[in-house]
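Here's the structure, in structure tokens; my notes come after.
The values are calculated or read from the model by the stated rules, or taken from the named source; none is laboratory data. Worth saying up front: this structure is predicted, and the values here are computed from it rather than measured. No Cβ is skipped: glycine too gets one built from the backbone with ideal geometry, and neighbour counts run over all protein chains shown.
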Amino acid sequence: MTSNLKLPTAQRPRIRWRGLAGAARALYLARAACEAQAPLLILARDAATAATLEEEIGFFAPPELPVLVFPGYETLPYDQFSPHPDITSHRLRALARMPTLRSGLVISDVQTAMQRLSPRSFVDGHALNLKTGDALDLESFRARLTTAGYISVPQVAEPGEFAIRGSLFDIFPMGSEAPLRIDLFDREIDTIRSFDPDTQRSCDVLDQLELLPAREFSLAADSTRDFRRRFRTRFEGDLTRMPLYRDIGEGLAPAGIEYYLPLFFEETASLLEYLPDNGIVVCPEDLAADLSENWTGVEYAQSGMFYVLRVADSMEEPVRAMSRGLKMRILPACGGIGWINVWYGARVQSSWVLGFVYRDDCLEVHDK
């Protein structure tokens, strides 16, 4: 297979690979990454395909080959849910390393690549390197971490958290596999060690550490002020009654704020802008159809179309919507446990009625 390996060139910038079934795709990509003098950005059709490629490439790729994953939020567009801190950590680590890659692989999916991202200047400007022997003022450092989105907690357990206990400073940097413990001697960094968050026992000794921002946007006063200004130019009505607008004004990060990221910046970037200029993009052959399908889903999510049905009403219309491949979401009753997401594909399944929740004698079905 190596002799038949084809890669883009200046004379032929676009090529097409055919006949790769099953794990042959991952093997071909791993070999291409080893031979190419540039990093490869792989855009899988969806998140499930990206996860499969990650696992298979991990088997075929040599240990020294850099493999980064840029995951999606694993939430639905405009839902009131934020991604898990581990996901944000992986995303920030990929964004920080991508511009400097000389070889290797970056794995993502089409839907994730469609999202606008914070500009490269934000990630670079909020990164901080510390090493043993550096002077560290805890109070000013605490303020800087808070501005970068880190949360002060009694005991560190997840990425984006920090804790100060006397001369010990614990922090779980975004993009790190384990939390770190900084031991200070007066105002100087004496040692930096990784530690187990469950047992609190110290592990490996490090000479330095890199701190990435805890979020893909800043909650500093100037940033939230710009967010509110742009929000007012795009949304009408009494904004003081909108929880998201109020929370941002108070310096809080409401759930689902990630989908409003462009309002934090004058200009945003795409995932391709983080790739070096000589980077190679690998995408599905029917990319245009995948882009169109994903964009249609975003439009439905934004429009908030819905049906309100009486219990005795016919289910013909929502069933017809499902047969067209539209997504449906069931709302729970007022004062219930919160949002319940039930998503289906194009095929109607008999189990879909299990998601219905009654409000008085009505059934609400959101079509997104």
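Quick notes on this structure:
- Residue check for Leu53: within 21 Å of Leu271 (Cα to Cα) and crowded, with 17+ Cβ neighbours inside 10 Å: yes
- Flag if Leu219 is surrounded by 18 or more Cβ atoms within 10 Å (Cβ to Cβ), touching a Pro at 6+ places or on another chain (Cβ under 7 Å) and either modelled with pLDDT of 90 or more or not in a strand (DSSP E or B) (or both): no
- So Glu273, is it assigned to a loop (DSSP other than H, G, I, E, B) and not hydrophobic (A, V, I, L, M, F, W, C): no
- Within segment 200-217, residues that are in contact (Cβ under 8 Å) with a residue 40 or more places away in the chain have Cβ atoms under 6 Å from residues that are of a type in the set (Phe, Trp, Tyr) in these pairs: Ala214/Tyr150; Phe217/Phe264, counting only partners at least 6 apart in sequence or on another chain.
- Some residue of segment 201-214 being in a strand (DSSP E or B) and within 30 Å of Gly249 (Cβ to Cβ): yes
- Some residue of segment 113-130 being of a type in the set (D, E, K, R), at pLDDT 90 or above and surrounded by 15 or more Cβ atoms within 10 Å (Cβ to Cβ): yes
- Summed over segment 124-169, residues that are touching a Pro at 6+ places or on another chain (Cβ under 7 Å) and either among the charged types (D, E, K, R) or farther than 15 Å from Arg181 by Cα (or both) total 4.
- Counting only helices (runs of 4 or more DSSP H) that sit completely within segment 63-162, those holding 2 or more residues that are within 14 Å of the chain's Cα centre (by Cα), under 18 Å from Ala50 (Cα atoms) and of a type outside the set (D, E, K, R) correspond to 85-97, 110-114.
- Selection count where residues are more than 20 Å from Thr146 (Cα to Cα), touching a strand residue (DSSP E or B) at 6+ places or on another chain (Cβ under 8 Å) and assigned to a loop (DSSP other than H, G, I, E, B), scope segment 179-198: 1
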